[in-house]
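Right, one structure below, let's go through it.
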Amino acid sequence: MRTRTKIVCTLGPAVDSRAKLKSLIRAGMNVARINCAHGDWPTRRRWIQWIRELSPEVGPIGVLVDLQGPKFRLGEIVEGQIHVRAGERLTLGKGGLIPIHRAEILESFAPGLRVLVADGALQLRLKERVEEGQFEAVALTSGVASSRQGVTLAGHRFHTPAFTERDRLDAQEAVRSGADFIALSYIQQASDLDDLREAIRTVGGSAFVCAKIETRDALDHLASIVESADVVMVARGDLGLQIDLEDVPLWQKRIIQVCRFAGKPVITATQMLESMISAPRPTRAEAADIANAVLDGTDALMLSGETATGQYPMQAVQTMARIAHRAETLLFKEPLRYAVTQPPAYRWEPTDAGRARCGRVVASAAAQGDRHHQHLRPDRPARQQVPPIRAHPLRDVPTRN
């Protein structure tokens, strides 16, 4: 089932074969995401080669390479993981039961702060310093800490460079491998994208740059980041560790509105069908989450662990496609037009100007004419005559009649 809302699928062990990637495409995948936080380049190059071979056969598929960025991670835990019970006291940091080695986060440790492991699945409260670089903590929740999982301080701003040397090497390898998009993690301001673009140009690339909104600083500089980026991602996982959980849905809507106002494609990501990692059917709340993101105006929806390591990757894509398609029937039956003459706000409204644009023939000497028309999400087909241009994988599909 093909939808106007694109589906981005993260690749991983669950779909590590040419046949499974073909099935993923047939199920509805439009863009394949490769997460540089895991795996190696021989594996990533093999995936990209399979995607390119399958694209003419099944349908045009974009490739998004997601850079790791300066994410803090646990060190290697003895036996790979440790089960922690609520109320249990343990040490973390250098030489601790839960090892952390990055100086940037250890220097910010102080009694009373909350440490979040694995996107907040395990939470600990720092108590007192045991020795330099090591703290005693008490577990606020029960959970499992595994080697190399993400770790951060709740609500804390880390002013580390968004673009690391490893990111530079990965970005250049992504260009050489033919990636369409390269996503920068933990962006703080628009200028962070300049380093990525320079790395892409150094090897003669022209990949689209995707800005992941997942820090407080990025929210503070949202307008300029959206203006500078080619694509924006609402990365709700890490964003939910930086701001209060109840604020995440509001910021999701705000980011989507700003992107639509600017005519920039926007991806909504993280835990959209999390339960389908281990179950063949989603929860009702997950179905509503997908539908509401479509109604908000998102251009794409992203699956992470659901397709990378889940037990039901094909079913997850099919389920997402069905829900998005059903939401689109409502969206385009009674078009919700954003009032583009007003500044971005938490409000959608039908406008005569928006309806009047539907069904037009768009004549333009540049690709931007169609881009500006398409970002209004017209409910009728549009035609445009332009010189040959490079297609944008997130927008390069015809509108439905």
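No lab work stands behind these numbers, since they all come straight from the coordinates. Quick caveat: nothing in here was measured; it's all calculated off a predicted structure. Glycine gets a Cβ as well: all are built from the backbone with ideal geometry, and neighbour counts include every protein chain shown.
So the values come out like this:
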read-out: Candidate aspartates and glutamates for bridging to LYS127, where Cα separation is under 20 Å - those fewer than 8 sequence places away on the same chain excluded; value: GLU88, GLU104, GLU107, GLU136
read-out: Difference of contour (0.36 nm per residue) and Cα-Cα distance, ALA285 to VAL78; value: 70.8 nm
read-out: Residues GLU53 and HIS101, FRET efficiency given R0 of 45 Å [Cβ-Cβ distance, rounded to 0.05]; value: 0.65
read-out: Surrounding net charge for GLY133, when Lys and Arg each add one and Asp and Glu each subtract one, Cβ distance under 13 Å; value: -2
read-out: Calculated FRET efficiency for the pair GLU131/ASP247, C-beta based, R₀ 35 Å, to 0.05; value: 0.45
read-out: Karplus-derived 3J(HN,Hα), 6.51/-1.76/1.60, for each residue of region 202-210, Hz, glycine and proline x; value: 4, 9, x, x, 9, 5, 5, 9, 10
read-out: For LYS127, distant residues with modelled amide H under 5 Å away; value: GLY112, GLU136, ALA137, VAL138
read-out: Average silhouette area of region 81-153, convex hull of alpha-carbon atoms, in square nanometres; value: 3.9 nm²
read-out: Mean separation of Cα contacts under 8 Å (6+ apart) over length of region 79-184, as relative contact order %; value: 29 percent
read-out: When each of LYS20/LYS71; LYS6/LYS212; LYS71/LYS212; LYS212/LYS253; LYS22/LYS71 is checked by Cα-Cα distance, pairs over 22 Å; value: LYS20/LYS71; LYS22/LYS71
